[in-house]
């Protein structure tokens with residue numbers, strides 16, 4: 001097997017003692033600077049893939065699923081991958097465009113349910129709820145306390161809050177159709 005390596009070092013680091021320096025081994029050809037930069041872009045996306053898999057494993061708990069056939073397991077993992085992607089995208093948008101309207105990540109039914117669960121006025125909040133506010137409210141449904149030093153909510157509390165929100169939205173739309181119009 002032919003192995004190539006892309007060596008990366010930080011030029012003019014702010015802290016010379018902690019300069020970034022690493023080597024990326026790959027079995028994919030690297031025959032130009034453009035090819036090396038392409039491999040670096042791929043590698044930079046790795047952490048996002050790992051976060052997605054963390055949501056899939058820990059939030060969606062696909063490893064704990066004990067279905068009896070390969071076909072059932074495949075369907076379950078496919079469905080949970082869609083859910084994991086949505087939660088990943090939601091938290092990504094919270095970090096990249098937190099002031100965006102929550103309607104970019106939630107349906108109208110989900111927004112109405114979230115507002116009801118948060119005990120806010122429907123008319124005041126329906127149009128003004130931001131992505132950051134929605135994700136924080138979902139995380140709080142999952143047990144996130146949101147104290148000053150708590151940082152950003154992680155995938156586990158967002159998954160738990162998402163589950164609460166989805167169950168409440170289904171029940172609320174069924175029991176109170178006039179509210180969900």
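Mind counting the residues in region 64-89 that are touching a helix residue (DSSP H, G or I) at 6+ places or on another chain (Cβ under 8 Å) and more than 14 Å from residue 159 (Cβ to Cβ)?
Number of matching residues: 4.
Taking region 65-119 only, how many residues are touching a strand residue (DSSP E or B) at 6+ places or on another chain (Cβ under 7 Å), surrounded by fewer than 18 Cβ atoms within 10 Å (Cβ to Cβ) and in a helix (DSSP H, G or I)?
Qualifying residue count for the region: 0.
Only one of these is at pLDDT 90 or above, out of contact with any strand residue (DSSP E or B) (no Cβ under 7 Å at 6 or more places or on another chain), within 25 Å of residue 45 (Cβ to Cβ) and surrounded by 15 or more Cβ atoms within 10 Å (Cβ to Cβ): 168, 139. Name it.
Sole residue among the options that is at pLDDT 90 or above, out of contact with any strand residue (DSSP E or B) (no Cβ under 7 Å at 6 or more places or on another chain), within 25 Å of residue 45 (Cβ to Cβ) and surrounded by 15 or more Cβ atoms within 10 Å (Cβ to Cβ): 139.
Within region 131-146, track down each residue that is touching a helix residue (DSSP H, G or I) at 6+ places or on another chain (Cβ under 7 Å) and not in a helix (DSSP H, G or I).
If the condition is that a residue be touching a helix residue (DSSP H, G or I) at 6+ places or on another chain (Cβ under 7 Å) and not in a helix (DSSP H, G or I), then 142, 143, 144, 146 are the ones that fit.
Looking only at region 21-52, count how many residues are out of contact with any helix residue (DSSP H, G or I) (no Cβ under 8 Å at 6 or more places or on another chain) and in a helix (DSSP H, G or I). I'd like the intermediate steps shown before the answer.
Looking only at region 21-52, we keep the residues that are out of contact with any helix residue (DSSP H, G or I) (no Cβ under 8 Å at 6 or more places or on another chain), and these are 21-23, 25, 27, 31-47, 49-50.
Right, trim to in a helix (DSSP H, G or I) and you get 33-44, 46-47, 49-50.
Residues in region 21-52 being out of contact with any helix residue (DSSP H, G or I) (no Cβ under 8 Å at 6 or more places or on another chain) and in a helix (DSSP H, G or I): 16 in total.
Residues are listed down the side, and each one gets a yes or a no for (1) within 29 Å of the chain's Cα centre (by Cα); (2) closer than 30 Å to residue 155 by Cβ; (3) surrounded by 15 or more Cβ atoms within 10 Å (Cβ to Cβ); (4) at pLDDT below 90:
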position: 1; (1), (2), (3), (4): no, no, no, yes
position: 13; (1), (2), (3), (4): no, no, no, yes
position: 20; (1), (2), (3), (4): yes, yes, no, yes
position: 34; (1), (2), (3), (4): no, no, no, no
position: 38; (1), (2), (3), (4): yes, yes, no, no
position: 43; (1), (2), (3), (4): yes, yes, no, yes
position: 46; (1), (2), (3), (4): yes, yes, no, yes
position: 54; (1), (2), (3), (4): yes, yes, yes, yes
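Need pairs with beta-carbon distance below 8 Å; first residue touching a residue at least 24 places away in the same chain (Cβ under 8 Å) and in the same structural domain as residue 141 (by TED's automatic domain parsing) and within region 99-116, second in a loop (DSSP other than H, G, I, E, B) and crowded, with 20+ Cβ neighbours inside 10 Å; sequence gap 6+ or separate chains.
From residues that are touching a residue at least 24 places away in the same chain (Cβ under 8 Å) and in the same structural domain as residue 141 (by TED's automatic domain parsing), the pairs are 101/129; 102/129; 114/106; 114/129.
Can you name the number of the only condition in (1) touching a helix residue (DSSP H, G or I) at 6+ places or on another chain (Cβ under 7 Å); (2) under 22 Å from residue 172 (Cβ atoms) that residue 107 fails?
Result: residue 107 fails condition (1) only.
The values are calculated or read from the model by the stated rules, or taken from the named source; none is laboratory data. What you are looking at is a predicted structure, and each value in this text was computed from that prediction instead of being measured. Counting neighbours? That spans all protein chains shown, and the Cβs are built from the backbone with ideal geometry, glycine included.
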